Amino acid sequence: MSERNKLGQFVAGNPGGPGSPYSAALARNKAALLAAVDEEDLRRILRAMIDAAIAGDVQAAKLVLDRVCGREAPPQGAGVAVAIQQTIGSSGGRGAALAATIIERLREERQRRAAAVVLDVQEPDSHE
């Protein structure tokens, strides 16, 4: 008996395949973690993260705030500049200066192209 119809679609009741071995392993790991961590453990972990955030640990503060407030949506239309800041600028020092330079050059190039389009539109036709 075929498990597909004439269009090649799976028929109702098809058991599917064995599934993703990665998903199965992930489910087993999650179950083991849930079995190992009780409510009191979770409270102590959360308290430690909050205490670390209050003490000035920026990563802990970011994690706590992301979970409590939700992650901030990236600004609309920022695109490449945001990606550059996140990848290069996050390292600080020279990375931040390099990110600033690249972003400034991208802005200048965008302005130059916009000006060229305006000039192209504003020039009178030479064959009138």
Of the peptides 42-52, 21-31, how do they stack up when ordered by the mean number of other Cβ atoms within 10 Å, highest first? 42-52, 21-31
Gain in length, ALA55 to ALA31, computed as 0.36 nm per residue apart minus the alpha-carbon separation, to one decimal in nm? 5.4 nm
Computed label-point distance, nm, for sites LYS62 and TYR22 using a 7 Å Cα→Cβ extension: 2.4 nm
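Heavy-atom accessible area per residue, the stretch 16-61, 1.4 Å probe: how many Å²?
83 Å²
The values are calculated or read from the model by the stated rules, or taken from the named source; none is laboratory data. Nothing here was measured: the structure is a model prediction, and the numbers come from that model. Virtual Cβ from ideal backbone geometry, glycine too; neighbours counted across all protein chains shown. For accessibility, only protein heavy atoms count, side chains too; no ligands or nucleic acids. Shrake-Rupley method; radii C 1.70, N 1.55, O 1.52, S 1.80 Å.
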